[in-house]
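Shown next, in structure tokens, is the structure this report addresses.
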Amino acid sequence: MNDLKPIIEKQVGKTEENKSNTEANKETKQKKDKEEPGPRFSEDTVFIDVRGYEEAERDGTLPNSLTAQCDNSHDVKECVDKGLTKGAVPQDPKTAPPLVVYCRSGKRAQRFADELKRRGYKNITVG
């Protein structure tokens, strides 16, 4: 039994060390859980929903997002013009805040963002 004593003490020490690490990991996770999840955006970021009216009604919208209501049949230039007219897109590309453009799959949002870039807008994220 005396031969096993160092082995047992070593194993018990590892177990105590593992418990300590586990508790530290739990504390770290709890701190992370209290933080806001997901990416961080500045307060002036404008979220532009380019989904059609029916999609937005069915699936819901992000709070405070603006909508350009582009269905799949819309020409992207027409859709951006519609967004500008409705006030969903800031008028001046030089002073525009960061923009996040989103739709269901991301395809319309990407086309919309590409058109905004052609018109001089910068700092655009497709969501």
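C79 satisfies every condition listed in (1) under 24 Å from P63 (Cβ atoms); (2) open to solvent by 10 Å² or more (accessible area, probe 1.4 Å) except (2).
Give the residue that is farthest from R104 (Cα to Cα), with candidates limited to residues of segment 67-76 that are surrounded by fewer than 18 Cβ atoms within 10 Å (Cβ to Cβ) and without any contact (Cβ under 8 Å) to a residue 24 or more places away in the chain. It would help to see each step written out before you state the result.
Taking segment 67-76 and keeping what is surrounded by fewer than 18 Cβ atoms within 10 Å (Cβ to Cβ), we get 71-73, 75.
Remaining after also requiring without any contact (Cβ under 8 Å) to a residue 24 or more places away in the chain: 71, 73, 75.
Working: D71: 11, S73: 15, D75: 17 Å.
Residue satisfying both the conditions and the ranking: D75.
Counting the residues of segment 63-87 that are over 15 Å from T125 (Cα atoms) and in a loop (DSSP other than H, G, I, E, B) gives 11.
The values are calculated or read from the model by the stated rules, or taken from the named source; none is laboratory data. Predicted, not measured: the structure shown is a model, and the values here were computed from it. Don't worry about glycine lacking a Cβ; one is built from the backbone with ideal geometry, like all the others, and counts go over all protein chains shown. Side chains are part of the model used for accessible areas, which takes the heavy atoms of the whole protein and leaves out ligands, DNA and RNA. Shrake-Rupley method; radii C 1.70, N 1.55, O 1.52, S 1.80 Å.
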